[in-house]
1. Taking a ≥ b ≥ c as the square roots of the Cα gyration tensor eigenvalues, with a/c under 1.5 meaning rounded and otherwise prolate when a/b beats b/c, else oblate, which class fits segment 1-67?
2. Quick check on the exposure proxy: order 41, 131 from fewest to most C-beta atoms within 10 angstrom.
3. Using a basic spin-label model with each label point 7 Å from the Cα along Cα→Cβ, how many nm lie between residue 18 and residue 98?
4. Please order 112, 97 by the number of other Cβ within 10 Å, starting at the fewest.
5. Can you compute the FRET efficiency between residue 54 and residue 9 using 1/(1 + (r/R0)^6), with r the Cβ-Cβ distance and R0 = 30 Å? Round to the nearest 0.05.
6. Distance in nm between label sites at residue 80 and residue 47, each 7 Å beyond Cα in the beta-carbon direction?
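What follows is calculated from the coordinates using simple rules that are stated; it is not laboratory data. Just so you know, these numbers come straight off a predicted model, no measurement behind them. Positions of Cβ are backbone-derived with ideal geometry, glycine not excepted, and every protein chain shown enters the neighbour counts.
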Amino acid sequence: MAKNPVQFQKGLGLYEFLEDYGSEEQCREALYRLRWPNGYVCPHCGNTTGCEIKERKVYQCHRCHHQTSLTAGTIFHGTKLPLRTWFLAIYLLTQRKKSTSALQLSRELGVKYDTAWRLKHKLMQVMLERVRQHGGAYRDGMMPILAENGRANVAVDLTTRSLSSRPLRRRRTAVR
């Protein structure tokens, strides 16, 4: 009997993950590439020229002077956790065959249980919305990371280190 090629596909190991996303700066660079693959675009006016205000960690449009942070409009918006903690949580939740408990996640990330529970449920909710939107499941290692404001949604394929960007349209259902 032949091996199932999906089951035995090469995954992204922890060492490779830490090489790519081990520092806060690496995570910020990855998020920048995910959010603006063709360079900065102002979410207010659509202008493509802007600058980074490094003291405040925001980007400012040259035309309308609108300021936006890298995490604005994403699941990372308003968080006090470092991006590397979020990225590590994404890795841990997507690389395991079975679900990870919030208690185990809190131990591995070094955060309180309540923080790990909220983080896990936020990530699981985003994954559920994406699966509902596309009518199927993700391949192993696929994880959506931008989703909250409906402007952009990006999926990271941690097994091949590739990025894909897709527009998000939330389905609104009537409450009965």
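1. Taking the square roots of the gyration eigenvalues as a ≥ b ≥ c, segment 1-67 is oblate.
2. Neighbour counts put them in this order, fewest first: 131, 41.
3. 2.5
4. Placing the least packed residue first, the sequence is 97, 112.
5. Once rounded, the FRET efficiency stands at 0.15.
6. Reported label-point gap for residue 80 and residue 47 is 3.5 nm.
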